[in-house]
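Chemist: Let me begin by handing over the structure; questions about it come next.
The values are calculated or read from the model by the stated rules, or taken from the named source; none is laboratory data. Predicted, not measured: the structure shown is a model, and the values here were computed from it. Methodologically, a virtual Cβ is constructed for each residue, glycine included, from the backbone with ideal geometry; neighbour enumeration extends over all protein chains shown. Surface areas here come from the heavy atoms of the whole protein model, side chains and all, with no ligands, DNA or RNA. Shrake-Rupley method; radii C 1.70, N 1.55, O 1.52, S 1.80 Å.
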Amino acid sequence: MAYKGGTKGDIINVQPLRTTKEITDMIEALSMSPNTAGRNVLLFKIGISTGLRIGDIVKLRICDVRGKSNFKIREGKTKKERTVHLNAIMADIADYTEGLDNEAYLFASRKGDSHITTTQAYRVLTSSADLLGRSDIGTHTMRKTFGYHYYKRTHDILTLMNIFNHSDQSTTKRYIGITEEEVADTLKNFRLF
């Protein structure tokens, strides 16, 4: 769950983007920001391609990702080391970082010498979601989208639990939005005899 607009009165249940069209629509909406489109789109692509938490994404430096198919990170929340794979978005990273200082933040703030905040990332995503008429998108949507599509393609809940550092399968399935209806659909034609 997340707080809509940063106020405690409006709790929303953020969801994964379940279809390729939803993902494409979100990328298109993120592309509409005149001065920050490239940054916003890459932030989203890294989020849905790696499953990293937003707090870890905004702290990345260009040297962490430039020219790399993977890198190791110590996750902020769990303090556990994890290898992050970037194969699918290496070209996007190369295009975005061309000509930028290797030691700079990947998602530099336009105010000061730091990176954007998690709150700013939330605002970027919810503003783009508003363009799509959606109120169920927040920063966790990226992580949930990664998990949802990883699970749908591989059905490997144990590896996904490991990636997310969850302690049990039910937590992971609930987190990525595998609903009872989806479970029922998988069992609809299941027969052993």
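Chemist: In this structure, does Lys111 turn out to be outside any helix (DSSP H, G or I), on the phi < 0 side of the Ramachandran plot and in contact with a Gly (Cβ under 8 Å, 6 or more places away or on another chain)?
Modeler: Details: outside any helix (DSSP H, G or I): yes; on the phi < 0 side of the Ramachandran plot: yes; in contact with a Gly (Cβ under 8 Å, 6 or more places away or on another chain): no.
When the stated conditions are applied, Lys111 does not pass them.
Chemist: I would also like to ask the following. Any idea which of Ser128, Ser109 is more than 19 Å from Lys45 (Cβ to Cβ) and either exposed (fewer than 12 other Cβ atoms within 10 Å of the Cβ) or not β-branched (Val, Ile, Thr) (or both)? It would help to see each step written out before you state the result.
Modeler: On the way: Ser128 fails: more than 19 Å from Lys45 (Cβ to Cβ).
Residue meeting the stated conditions: Ser109.
Chemist: Kindly list the number of the only condition in (1) in contact with a Gly (Cβ under 8 Å, 6 or more places away or on another chain); (2) among the hydroxyl-bearing types (Ser, Thr, Tyr); (3) surrounded by fewer than 18 Cβ atoms within 10 Å (Cβ to Cβ) that fails for Thr117.
Modeler: (1)
Listed here are the residues, each with its yes/no results for (1) touching a Leu at 6+ places or on another chain (Cβ under 8 Å); (2) part of a helix (DSSP H, G or I).
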site: Asp56; (1), (2): no, yes
site: Lys72; (1), (2): no, no
site: Val84; (1), (2): yes, no
site: Ala88; (1), (2): no, yes
site: Ala91; (1), (2): no, yes
site: Ala94; (1), (2): no, yes
site: Gly99; (1), (2): no, no
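Chemist: Looking only at the range 150-193, filter to residues that are in a loop (DSSP other than H, G, I, E, B) and in contact (Cβ under 8 Å) with a residue 12 or more places away in the chain; which one of those is most open to solvent (accessible area, probe 1.4 Å)? Spell out how you get there, then give the answer.
Modeler: Of the range 150-193, the ones in a loop (DSSP other than H, G, I, E, B) are 155-156, 165-168, 177-179, 188-193.
From what is left, the residues that are in contact (Cβ under 8 Å) with a residue 12 or more places away in the chain are 165, 177-178.
Details: Asn165: 45, Gly177: 11, Ile178: 26 Å².
Among those that are in a loop (DSSP other than H, G, I, E, B) and in contact (Cβ under 8 Å) with a residue 12 or more places away in the chain, it is Asn165.
Chemist: Suppose we filter the range 32-73 for residues that are open to solvent by less than 30 Å² (accessible area, probe 1.4 Å), among the acidic types (Asp, Glu) and more than 16 Å from the chain's Cα centre (by Cα); how many remain?
Modeler: Residues that pass the stated criteria total 0.
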